[in-house]
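Values in this text are rule-based calculations from the coordinates and carry no lab data. Please read these numbers as outputs of a predicted model, since none were measured by experiment. Methodologically, a virtual Cβ is constructed for each residue, glycine included, from the backbone with ideal geometry; neighbour enumeration extends over all protein chains shown.
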Amino acid sequence: MGCASAGVCQGLRRGLDEKKTRDAPRAGILTRTMYYASYYRWLVFNKYLKATIPPTSLLDVGCDDGYFLSQIEAQLKAGVDLAPPPRAKQYFPVTTADGLHLPFKPGSFDTVLALDILEHVADDEGLLHSLVGVVSAGGRLWLSTPSENFSIFPAFVTGRAERGWGHVRRGYSVEALERKLPPGVEVEAIFYWNEPFFRVACVALRLIWIALHPLARWLAGCCAQLDNLARDGTAGHIFLEIRKFSTFK
């Protein structure tokens, strides 16, 4: 794997040297409760969708505090975010970088994660081009994004909530996502995650989080378990597993 700056390479080496556990932050991080929405997404991706990540090279784009990276075993791992939290609040060393201009050589990673970031970027096609560019031939890109019918409860606050989250568009259909993908890739798997319980509880969970972090995380876990029983529907999120099958330029 190649990287375009010494700072990124140093971050990768630090990441390889970190001693991690499955249920606790990395050494040196203040003990705290993981953000409830991030915890929910991790349960969906890992426990219920059972996404398979090869233990070779992994990049998480828009990774926030690096929690996903701290929980996935891989020989080489890197995380980038446009505005990562302070190092003391990171589970894994995160490099400040723009997903449209990733500081890595083409084909550097066997797996790239881009979970819930496409809806934040005005140039979504440019972002997809950048993401696919750093995937190795035969590697995978995992995307998740709200569907075009996404809504929370009560429905009239959905637009305001999305603006608060920094979304620049409502969401996507699978067909719209496929049209935006660059050449040289194919969609191998499509997962709909309707998340009715999480969408109904979204506003309440945010208020509970302000006062009681552990309770909000526990309730988010309960929502994930219930939502696994009600996956079908297009008012939640879409997950795509995309394979790169040729050299991409």
Report the local net charge at ASP81: Lys and Arg +1, Asp and Glu -1, summed over other residues whose C-beta lies under 11 Å from its C-beta.
-4
Among LEU143, LEU118, LEU205 - extreme Cα towards positive end, dipole of segment 110-229, charges at beta-carbon:
LEU205
From phi via Karplus (6.51, -1.76, 1.60), per-residue ³J(HN,Hα) for segment 164-178 in Hz, x at Gly/Pro
x, 7, x, 6, 9, 8, 5, x, 9, 9, 4, 4, 5, 5, 5
State, as an integer percentage, the relative contact order of the chain based on alpha-carbon contacts under 8 Å between residues 6 or more apart.
21 percent
Is it possible to state the helix-based mean residue ellipticity at 222 nm for the chain, with each DSSP H run of 4+ residues giving -39500 (n - 2.57), the sum divided by total residues, to the nearest 500 deg cm²/dmol? What is it?
-9500 deg cm²/dmol
Near GLY138, within a Cβ-to-Cβ distance under 9 Å, what is the net charge of the other residues, with Lys and Arg +1 and Asp and Glu -1?
+2
Across the chain, how many lysine pairs, 8 or more apart or on two chains, come within less than 22 Å at their alpha-carbon atoms?
16
Once you order the gyration tensor axes a ≥ b ≥ c over the Cα atoms, which shape class does segment 74-143 get: rounded for a/c under 1.5, otherwise prolate or oblate by comparing a/b with b/c?
oblate
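Evaluate Rg over Rh across the chain, taking Cα atoms for both radii and Kirkwood's formula for Rh.
0.94
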Suppose every K and R has +1 on its Cβ and every D and E has -1 on its Cβ; what is the size of the dipole of segment 64-116 about the Cα centre, in Debye to the nearest 20?
200 debye
Quick one: GLU178, GLU162, fewest Cβ neighbours within 10 Å first, how do they rank?
GLU178, GLU162
When all C-alpha to C-alpha distances in segment 51-93 are sorted into bins of 10 Å, what percent of pairs does each bin hold, rounded to whole numbers?
32, 53, 15
Just to confirm a number: summing +1 for Lys and Arg and -1 for Asp and Glu over residues other than SER57 whose beta-carbon lies under 11 angstrom from that of SER57, what do you get?
0
Tell me the chymotrypsin sites (Phe, Trp or Tyr not before Pro) within segment 140-184 that lie in a loop according to DSSP and have at most 13 other beta-carbon atoms within 10 Å.
none
Given 37 °C and 0.692 mPa s, compute D for segment 91-201 with the Stokes-Einstein relation, Rh being the Kirkwood radius over Cα pairs; round to the nearest whole µm²/s.
213 µm²/s
Once normalised by the length of segment 103-242, the mean sequence separation of its alpha carbon contacts under 8 Å that are 6 or more apart gives a contact order in percent of 31 percent
Treat every Asp and Glu Cβ in segment 94-249 as -1 and every Lys and Arg Cβ as +1, leave all other atoms uncharged, and give the resulting dipole magnitude about the Cα centre to the nearest 20 debye.
280 debye
Give me log10 I(q)/I(0) at q = 0.31 Å⁻¹ for segment 197-249, Debye formula, one equal scatterer per alpha-carbon, no solvent.
-1.18
